[in-house]
Amino acid sequence: MPMRVAIVPAGQWGTALAVPLAENGHAVRLWLRRPEDVDVFRRTRTNPRHLPGAPLPDGVEAFPTPEEALDHADLVILGSASRGLRDTCRAIRAHLPPGALVLSITKGLEPETHLRMSQVILDELPEVEGRLAVLSGPNFAVEVARRLPAATVVAAGDPAVAAAWQHAFMGPRLRVYTHDDVLGVELGGALKNVIAIGVGISDGLGAGENARAALITRGMAEIGRLGVALGASPLTFAGLSGVGDLVLTCTGDLSRNRRLGLAIGRGEAAEAALRTLGTVEGVPTARAAVQLAREVGVEMPITERVHAVLFEGESPAEGLELLMGRDRTKESWHVPA
Ligand SMILES: NC(=O)C1=CN([C@@H]2O[C@H](COP(=O)(O)OP(=O)(O)OC[C@H]3O[C@@H](n4cnc5c(N)ncnc54)[C@H](O)[C@@H]3O)[C@@H](O)[C@H]2O)C=CC1
Ligand SMILES: O=C(CO)COP(=O)(O)O
């Protein structure tokens, strides 16, 4: 049955997700935060600020206010970067249709509170408890918008909620799997961005392909270690939202996190790279992840080094040397009792 879907706000990822939804016959409304972007959309049917060169199908409309975008919505997608998610929740609260299902597509941890994105949403919008799901997986927005084949995961506490989103999105170009481990799915999507910065740094330094594979694999180990300590199921990290997204982001040059790392590894200024790249979620997430890992007493050596390079003036070469010089250990996801 065709539904009304609001994407609030629609950045690169939210705009791309309008494509499979509209192709499934749903009426999609985008909230574009700058009114001039709405004018451009109405003339060109594109969102050039966030997703240039990707014309959107009939059935997608753009509006300058959340109120208009959310009017009679059955399904609501929160599409902000992590830094704007709280403000987004506050901006939509008064206009959120009662009973609408809500989906988080944001990958990150809040630096000040270490909360996952679904926890931030519930903090601001407690009334959506039971109606909230998260989507995460190996998905570059530009490829989804170009209708290249992709697979992703929707996780929710209530299987019927996850199934509703699966039904809304699933089509010939997008496979959607459901999951019940919200914590594990969200952590995989958030923490892999930090490792992708690390792999980019290593590649930018010219450390080689052996180093890249080692960082990806040991990165998975430390993500799993933190995840399990926090209560996630270890097998979640073997799935699309875990190793799937980690591999994509660490190896795909479309990744902004990887590209930030590449720039740093080549000796370029991080600030300049960040200005060009825009949203790079691994930066704020690195802060939260390091503190969270210390709080629960698990080691995240790669995340620690990325944090030190980003925020403590450590050089990429020093970071690599420190990783290589760590004490001998066994290969495990060992979590202290
Ligand atoms: N672009 C991609 O390929 C994918 C992105 N994601 C995730 O989706 C999330 C959004 O990323 P993109 O759409 O790529 O970023 P983007 O930079 O294209 O869009 C960010 C959106 O957040 C809004 N925003 C930024 N600061 C805000 C604030 N202070 N208050 C309210 N709104 C604010 C912007 O207006 C824009 O609509 C990120 O967490 C990212 O990790 C997930 C999968 C794929
Ligand atoms: O999450 C993503 C791919 O799954 C997008 O990666 P970047 O945010 O690094 O571009």
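The values are calculated or read from the model by the stated rules, or taken from the named source; none is laboratory data. Keep in mind the model is a prediction, meaning the values are calculated, not measured. FYI the Cβ positions are ideal-geometry reconstructions off the backbone, even for glycines, and counts take in every protein chain you see.
Points worth noting:
- Entry remark, the range 127-159: residues being within 14 Å of ligand 1 (Cβ to nearest atom) and either acidic (D, E) or out of contact with any strand residue (DSSP E or B) (no Cβ under 9 Å at 6 or more places or on another chain) (or both) number 3 in total.
- T249 meets all of the listed conditions (1) buried (at least 24 other Cβ atoms within 10 Å of the Cβ); (2) free of Cβ contacts under 8 Å to residues at least 12 places away in the same chain; (3) among the hydroxyl-bearing types (S, T, Y) but one, namely (2).
- The requirement of being crowded, with 24+ Cβ neighbours inside 10 Å, away from ligand 1 (no atom under 16 Å from the Cβ), in the same structural domain as E209 (by TED's automatic domain parsing) and not charged (D, E, K, R) is fulfilled somewhere in the range 231-238, by at least one residue.
- Residue within the range 165-175 that is surrounded by fewer than 24 Cβ atoms within 10 Å (Cβ to Cβ) and within 14 Å of ligand 2 (Cβ to nearest atom) present: yes
- Within the span defined as the range 259-274, one or more residues are more than 16 Å from ligand 2 (Cβ to nearest atom) and of a type in the set (A, V, I, L, M).
- Residue match in the range 107-114 (condition: surrounded by fewer than 23 Cβ atoms within 10 Å (Cβ to Cβ), within 10 Å of ligand 1 (Cβ to nearest atom) and over 20 Å from V5 (Cβ atoms)): no
- Within the range 265-283, the set of residues being out of contact with any Lys or Arg (no Cβ under 8 Å at 6 or more places or on another chain) and not charged (D, E, K, R) comprises G265, G267, A269, A270, A272, L274, T276, G282, V283.
- Residues of the range 178-230 satisfying the condition of being more than 21 Å from G319 (Cα to Cα), without any contact (Cβ under 8 Å) to a residue 60 or more places away in the chain and more than 16 Å from ligand 1 (Cβ to nearest atom): T178, D180, D181, G184, G227
One line per residue, one yes/no per condition, for (1) over 18 Å from the mean Cα position of the chain (by Cα); (2) polar (S, T, N, Q); (3) outside any helix (DSSP H, G or I):
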position: G267; (1), (2), (3): yes, no, yes
position: T276; (1), (2), (3): yes, yes, no
position: A288; (1), (2), (3): no, no, no
position: A293; (1), (2), (3): yes, no, no
position: E299; (1), (2), (3): yes, no, yes
position: I302; (1), (2), (3): yes, no, no
position: H307; (1), (2), (3): yes, no, no
position: L322; (1), (2), (3): yes, no, no
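- Of the residues in the range 73-83, not one is within 16 Å of ligand 2 (Cβ to nearest atom), in contact with a Leu (Cβ under 7 Å, 6 or more places away or on another chain), of a type in the set (D, E, K, R) and under 24 Å from V283 (Cα atoms).
- Condition check for L277 on (1) near ligand 2 (Cβ under 10 Å from one of its atoms); (2) in contact (Cβ under 8 Å) with a residue 24 or more places away in the chain: one failure, at (2).
- In the range 252-265, of all residues being assigned to a helix (DSSP H, G or I) and of a type outside the set (K, R), the one that is surrounded by the most Cβ atoms within 10 Å (Cβ to Cβ) corresponds to G261.
- Once the range 276-303 is narrowed to residues that are of a type in the set (S, T, N, Q) and away from ligand 1 (no atom under 16 Å from the Cβ), the residue that is surrounded by the most Cβ atoms within 10 Å (Cβ to Cβ) is T303.
- Failed condition for R225, given (1) surrounded by fewer than 19 Cβ atoms within 10 Å (Cβ to Cβ); (2) more than 16 Å from ligand 2 (Cβ to nearest atom); (3) part of a helix (DSSP H, G or I): (1)
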